[in-house]
Amino acid sequence: MKPIHPQKSAVGSTHEGHKSKSECAALTNLKVNRIVQHFEKEKTLDHVHKGRSGRGPIITPEKREQIRESVVSSPMKSYRIRAQELALSPTTLLRVMRKDLKLFQFRISTHHVLQQQDKEKRIEMCDWLNEKLEQTPNWLNHIWFSNHNNVFWGEEKPEEISKKRLKGPKVTAFVAFNAKHGLLGPYWFEENGRTVTINSERYIAIVDQFHGDLTQKLTQGQLRLAWFMQDGARPHTAHASLDHLNH
C-alpha cells in the first residue's frame with residue numbers, strides 16, 4: 001500500500017481539521033457561535049464543518065418561540081442583528097418570521113399627533129361652521145380656498161394614474177377657487193423667469209395680486225361677504241403673513 005504523506009503549502013504543512021490563516025480570518029461571529037454550540041452539545045468538534053444537504057436547518061419549537069419573543073420585545077431591531085443574536089443565518093431567520101410566524105414588515109410613516117386641545121378646537125370649529133350655515137345657507141359659496149388635493153370620489157377604486165415627470169422642470173403656483181365664481185389665478189412664484197421657493201415675503205406679494213384681482217371680480221357687497229381660507233404652511237402662518245392678511 002502506498003504511504004500517505006501530509007500535503008505541503010506555501011505557509012507550511014497543514015493537517016486534517018486545521019484551517020489556513022485566510023480561512024480563519026473569514027470566520028464570522030455567527031460561525032463562531034455555531035462552533036461553540038456544536039461543541040457544548042456534542043463535546044467534540046468532529047463534523048462541525050460538515051457540508052449542508054441543500055435544505056435549511058431544522059428549527060425546533062423552542063427556537064421558534066425564542067424568535068417570536070425576540071420580535072415581540074424588539075420589533076424594530078434589524079433582522080441581521082437579530083440573526084447574530086439568535087445564532088441563525090439571516091435567510092433562515094427571515095424564513096421563520098415570514099412563513100412560520102406569519103410576520104410582515106411595515107414601514108413607519110409620520111403623522112401629526114392630535115392632542116386633546118386639538119380635538120376641542122375641531123369641535124369648536126364645527127359648531128362655528130354650523131352656526132354660519134344656519135344664518136346663511138349659501139355661506140360656503142363665499143369662501144375662497146387657496147389649496148386643493150388631488151382626490152377621486154367614487155364607489156369603486158378608479159383605474160386612474162397620476163403621471164409625474166421625474167427630474168423635470170418644476171413650477172410653483174398659487175390658485176384660488178370658489179364654488180360660485182370658479183378659479184382665480186394661477187399666480188407663479190418666479191423671479192427673473194425662474195421658479196423660487198415660497199417664503200412669507202413672496203407669499204404676501206402673491207396674496208396682494210390675488211386680492212387686487214378679487215376686488216375687480218366681485219362687487220363691494222360680495223367682497224364684504226368673502227372669506228379667504230389657507231392651510232397651515234409656514235409661509236402662510238408667519239407673523240408677517242398673518243399681520244398682512246389681518247390688515
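The values are calculated or read from the model by the stated rules, or taken from the named source; none is laboratory data. Keep in mind the model is a prediction, meaning the values are calculated, not measured. Positions of Cβ are generated from backbone atoms using ideal geometry, with glycine treated the same way; all protein chains shown enter the neighbour counts. We work out accessible area using only protein heavy atoms, side chains counted, and drop any ligands, DNA or RNA first. Shrake-Rupley method; radii C 1.70, N 1.55, O 1.52, S 1.80 Å.
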Report task. Look at Thr110 and say whether it is in a helix (DSSP H, G or I), open to solvent by 80 Å² or more (accessible area, probe 1.4 Å) and under 30 Å from Val71 (Cβ atoms). Result -> no
When every residue in segment 211-232 that is in contact (Cβ under 8 Å) with a residue 40 or more places away in the chain and touching a Phe, Trp or Tyr at 6+ places or on another chain (Cβ under 9 Å) is compared, the one nearest to Gly182 (Cα to Cα) is Leu214
Checklist entry - Among the residues of segment 61-73, is any surrounded by 14 or more Cβ atoms within 10 Å (Cβ to Cβ) and not in a helix (DSSP H, G or I)? => result no
Cβ pairs under 8 Å, 6+ apart or interchain, first in segment 77-93 and more than 14 Å from Gln37 (Cβ to Cβ), second open to solvent by 90 Å² or more (accessible area, probe 1.4 Å) and part of a helix (DSSP H, G or I), ordered by first then second residue, are Pro90/Arg80
- Can you confirm whether segment 150-164 contains a residue that is hydroxyl-bearing (Ser, Thr, Tyr), at pLDDT 70 or above and either exposed (fewer than 10 other Cβ atoms within 10 Å of the Cβ) or in a loop (DSSP other than H, G, I, E, B) (or both)? no
So the strands (runs of 3 or more DSSP E) completely within segment 165-235 holding 2 or more residues that are surrounded by 14 or more Cβ atoms within 10 Å (Cβ to Cβ) are 173-178, 182-188
The residue that is modelled with the lowest pLDDT, considering only those in segment 36-60 that are surrounded by 14 or more Cβ atoms within 10 Å (Cβ to Cβ) and among the β-branched types (Val, Ile, Thr), is Val48
*asked:* So, Asp243, is that one touching a helix residue (DSSP H, G or I) at 6+ places or on another chain (Cβ under 9 Å), open to solvent by 60 Å² or more (accessible area, probe 1.4 Å), farther than 25 Å from His112 by Cβ and modelled with pLDDT of 85 or more or not?
replied: no
